[in-house]
Amino acid sequence: MVDLTEGVLRFVQLYGPLALFVFTFLESSMLFPFLPSEAVVPAAAALLITDPVSFFVFVLAAGAGGTVGAFVPFYVFRGSRIDESDWIRDRITVSDDRINEGREWFRRWGQSSVLWGRFLPVLRSVISIPAGFANMLPARFGVYTAVGTVAFYAAAGGVVYYGRQRSLFETAFEAATDSPILTVGGTLALLGIGLLVKSRVRRSAFSE
């Protein structure tokens, strides 16, 4: 695993954003998911991001690769094609357990899981499959996938970039001091989201 990670990072160092695009495409398409993003993206960000322009290029390359790749399992497992077998589907590396897990998440949380699921390692790629099974509109799938994917890589790249400039604690403390109203509002919003998720989980448990 360590040798493979080093090889991928060497490839990223040589070919830059193009290599990052290829990696995120392969991961989200599940055609060759040799390494998870958690093992590569932070180190790739440290290699590629040196200023705001390179940060934008990093997010663009990673987001584009992840979004385009997500359409592969989406269309392969889409609607009436679920009983078909073709060479692309045979090469998608995913277990039945992961597919069933993704379908359960999609059934419980609906189409919005395509967006926020891109932040979760267990869902980031596999959520495309139940979206295809459910015949989700391609345009909506594309928008949700693009927003979630770009946000994930922007967050990952931002943590690495700003963490290099100063400690995260110092940044958070300064933001709270300069904008207390926004801080309180953000905290209340997070609490509201948490309560909403908790209530939906409880409602789903009772309905079952």
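Some notes on this structure:
- Filtered by the rule that a residue be under 22 Å from Ala39 (Cα atoms) and open to solvent by less than 10 Å² (accessible area, probe 1.4 Å), the stretch 130-148 gives Thr145, Gly148.
- Any hit, the stretch 95-115, residues being open to solvent by 40 Å² or more (accessible area, probe 1.4 Å), under 21 Å from Ala64 (Cα atoms) and touching a Gly at 6+ places or on another chain (Cβ under 9 Å): yes
- All positions within the stretch 107-130 that are assigned to a helix (DSSP H, G or I) and over 15 Å from the mean Cα position of the chain (by Cα): Arg107, Arg108, Trp109, Pro130
- Cross-chain or 6+ apart pairs with Cβ under 7 Å, the stretch 39-56 first and free of Cβ contacts under 8 Å to residues at least 12 places away in the same chain, then assigned to a helix (DSSP H, G or I): Ser54/Leu48
- Single condition Ser85 does not satisfy, out of (1) among the small types (Gly, Ala, Ser); (2) at pLDDT 85 or above; (3) part of a loop (DSSP other than H, G, I, E, B): (2)
Yes or no, residue by residue, for (1) farther than 29 Å from Val8 by Cα; (2) modelled with pLDDT of 90 or more; (3) in contact with a Pro (Cβ under 8 Å, 6 or more places away or on another chain):
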site: Ala46; (1), (2), (3): no, no, no
site: Ile99; (1), (2), (3): no, no, yes
site: Gly117; (1), (2), (3): no, no, no
site: Ala134; (1), (2), (3): yes, no, no
site: Tyr144; (1), (2), (3): no, yes, no
site: Gly148; (1), (2), (3): no, yes, no
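- Some residue of the stretch 37-52 being among the β-branched types (Val, Ile, Thr) and more than 14 Å from the chain's Cα centre (by Cα): yes
- Screening Leu60, Leu26 for residues that are under 22 Å from Phe141 (Cβ atoms), at pLDDT below 90 and part of a helix (DSSP H, G or I) leaves exactly one candidate, Leu26.
The values are calculated or read from the model by the stated rules, or taken from the named source; none is laboratory data. Quick caveat, the model's predicted, so the values are computed rather than measured. Every residue, glycine among them, receives a Cβ derived from its backbone with ideal geometry; neighbour counts consider all protein chains shown. To get the accessible areas, we keep the full protein, side chains included, count just its heavy atoms, and leave off ligands, DNA and RNA. Shrake-Rupley method; radii C 1.70, N 1.55, O 1.52, S 1.80 Å.
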